[in-house]
Amino acid sequence: MLSVKHLLGIKELKTEDIALIFKTADNFKQVLQRSIKKVPSLRDTTVANIFFENSTRTRLSFELAEKRLGADVVNFSASGSSVSKGETLIDTVKNILAMKVDMVVMRHSASGAPWFLANHINASIVNAGDGTNEHPTQALLDAYSMREKLGDLKGKHITIIGDIMHSRVALSNIYCLNKLGAKVMVAGPPTLIPKHIASLGVKVEHDLKKALQWCDVANVLRIQLERQHKPLFSTLREYALYYGVNRDMLDSLAKDIVIMHPGPINRGVEINSDVADSRQSIILDQVENGVAIRMAVIYLLSGKRDLDQQV
């Protein structure tokens, strides 16, 4: 059992929780390789996916994970709902819970929204991304994918590159990798790196070549123009020139490194196609592992204990 009722952020998890999630995901990966990719673990459970922000990968991954577990799934999108008429977050969720929903997966543009909700309702909540704060399941699947490729992450060098300032993925990754004993560096232009990020126990580097030479894994982030309220660099072309990960840059290194990206990818900006689609890339492995990790999280939060009999 997990030590928490909700998955609100990596910060609240113990190292033992992460290990249990990974072990459970290992079992579900076996299920996903079978011809019948389902188990009836959550047959009597209803999960509501409540997304107040646009999402493709995360929403589809959660929905598939829930259906693979046999759960009943309710999907809610803020666009076209009563939210546009002024309905509050609490009223929206309480109305959904009145339909006897057992678990809520929520994405919201406001940092802290899942914590707020957890204080007002009884159902378990999974944070699918809140503002610029955390995206815990993305960090778990990223670390799980690194572990699959490199083994134990203790002492491994991980560089997170790009728009650190606006990235909930970066923050959750830092928390998760620190708990697993990895050494973490953030790299990018000074305007996209928070001033006090080093207080989280990470190195800071503004030279991309040095950052890549240092690391075993480069996790490349998208430039989040939609969250930037003022210009933080001159042009996307200039960003790509100085901070875009390209084939020539990787070939100039003295070693091979693993390339990751949480998606969606801006090809030709933060990463070139000949890198994203290369043998060094595990981007599609991240997508596959996302389903197994989210199955593990939902299963463990549900409190079920019959997995050994079903796998």
Can you put LEU180, LEU60, LEU241 in order, fewest other beta carbons within 10 Å first?
-> LEU241, LEU60, LEU180
Once amide H atoms are placed 1.01 Å from N in the peptide plane, what residues at a sequence separation of 5 or more from ALA128, or on another chain, have their amide H within under 5 Å of its amide H?
-> MET106, ARG107
Between SER109, SER199, SER55, which gets the highest mean-square fluctuation from a Gaussian network model of the chain, Cα cutoff 10 Å?
-> SER199
When the Karplus curve 6.51 cos²θ - 1.76 cosθ + 1.60 is applied with θ = phi - 60°, which whole-Hz ³J(HN,Hα) does each residue of region 155-170 get, with x for Gly and Pro?
-> x, 6, 9, 10, 10, 9, 10, x, 7, 5, 4, 10, 9, 6, 5, 4
When P(r) over Cα pairs in 10 Å bins from 0, in percent is calculated directly from the model, which label among (i) 6, 28, 34, 23, 9, 1; (ii) 6, 27, 37, 24, 6, 0; (iii) 6, 31, 39, 21, 3, 0 fits?
-> (i)
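Mind giving me the FRET efficiency for ASP256 and ASP207? R0 is 30 Å, r the Cβ-Cβ distance, nearest 0.05 is fine. Write down the numbers at each step before the final one.
Details: r = 20 Å, r/R0 = 0.66.
So the FRET efficiency works out to roughly 0.90.
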Straight distance only, please: which aspartates and glutamates reach the Cα of LYS203 with their own Cα at less than 17 Å, same-chain residues fewer than 8 apart left out?
-> ASP163, ASP216
The chain - charge dipole about Cα centre, Lys and Arg +1 at Cβ, Asp and Glu -1, debye rounded to 20 | 240 debye
Relative contact order of the chain: what whole-number percent is it, with Cα pairs under 8 angstrom and at least 6 residues apart?
-> 22 percent
In nm, spacing of pseudo-spin labels at ARG279 and GLU238 (7 Å Cα→C-beta vector) = 3.8 nm
Quick one: which of LYS11/LYS304; LYS37/LYS156; LYS5/LYS179; LYS38/LYS94; LYS23/LYS100 span more than 28 angstrom between C-alpha atoms?
-> LYS37/LYS156; LYS38/LYS94; LYS23/LYS100
Enumerate the calculated ³J(HN,Hα) couplings along region 34-45 in order (Karplus 6.51 cos²θ - 1.76 cosθ + 1.60, θ = phi - 60°), each rounded to whole Hz, writing x wherever the residue is Gly or Pro.
-> 7, 5, 9, 8, 9, 10, x, 4, 10, 4, 9, 10
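Hey, fewest Cβ within 10 Å first, where do CYS176, CYS215 land in order? Mind dumping the intermediate values first?
Working: CYS176 27, CYS215 24.
Taking fewest neighbouring Cβ atoms as first place, the list is CYS215, CYS176.
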Helix-derived mean residue ellipticity, 222 nm - over the chain, DSSP H n ≥ 4, -39500 (n - 2.57), to 500 | -11500 deg cm²/dmol
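Please give the length that would be gained between SER109 and THR88 if that part of the chain were fully extended, namely 0.36 nm times their separation in residues minus their C-alpha to C-alpha distance (nm, one decimal). Spell out each step's value before the answer.
Numbers: separation 21, 0.36 × 21 = 7.56 nm, distance 1.39 nm.
Extending this stretch completely gives an extra 6.2 nm.
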In whole Å, what are the Cα extents of region 136-283 along the three principal axes, biggest one first?
-> 40, 33, 25
If you plug each phi of region 109-120 into the Karplus form 6.51 cos²θ - 1.76 cosθ + 1.60 with θ = phi - 60°, what whole-Hz ³J(HN,Hα) values come out, in order, with x for Gly and Pro?
-> 6, 8, 4, x, 4, x, 5, 4, 5, 4, 7, 10
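Just subtract the alpha-carbon distance of ALA198 and LYS67 from 0.36 nm times their residue separation and send over the number in nm, one decimal. Don't skip to the end; give the middle numbers.
On the way: separation 131, 0.36 × 131 = 47.16 nm, distance 4.04 nm.
Separation in residues times 0.36 nm, less the Cα-Cα distance, equals 43.1 nm.
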Roughly what would the spin-label model give for ARG147 and MET1, points 7 Å off Cα along C-beta, in nm?
-> 2.2 nm
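Taking R0 as 41 Å, what FRET efficiency do you get between THR56 and THR15 from their Cβ-Cβ distance, rounded to the nearest 0.05?
Values: r = 31 Å, r/R0 = 0.77.
Calculated transfer efficiency: 0.85.
For ASN95 and ASN119, what does the FRET efficiency come to when R0 = 25 Å and r is the distance between their Cβ atoms, rounded to the nearest 0.05? Please report the intermediate quantities before stating the final value.
Details: r = 18 Å, r/R0 = 0.72.
Calculated transfer efficiency: 0.90.
Sorting check: for 150-157, 40-47, which peptide has the highest mean count of neighbouring beta carbons within 10 Å, and how do the rest follow? Don't skip to the answer; put the middle values down first.
Working: 150-157: 14.0, 40-47: 18.6.
Going from most to least packed, we get 40-47, 150-157.
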From a point 7 Å beyond the Cα of MET249 in the direction of its Cβ, which residues of region 148-181 have a backbone N at a distance under 13 Å?
-> 159-163
Distant-in-sequence amide H partners of ASN75 (H built 1.01 Å from N, under 5 Å) | ASN49
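Fewest first, what order do ARG34, ARG267, ARG59 take by the number of other Cβ atoms within 10 Å? Provide the component values of the computation, followed by the final result.
Values: ARG34 10, ARG267 14, ARG59 18.
Listed from fewest to most nearby Cβ atoms, that is ARG34, ARG267, ARG59.
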How far is the Cα center of region 242-311 from the Cα center of region 139-174, in Å?
-> 10 Å
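Read-outs: derived from the displayed coordinates by stated rules, not from any lab. This structure is a prediction, so every number in the text was calculated from the model and none was measured. Every residue, glycine as well, gets a Cβ built from its backbone with ideal geometry; the counts of neighbours run over all protein chains shown.
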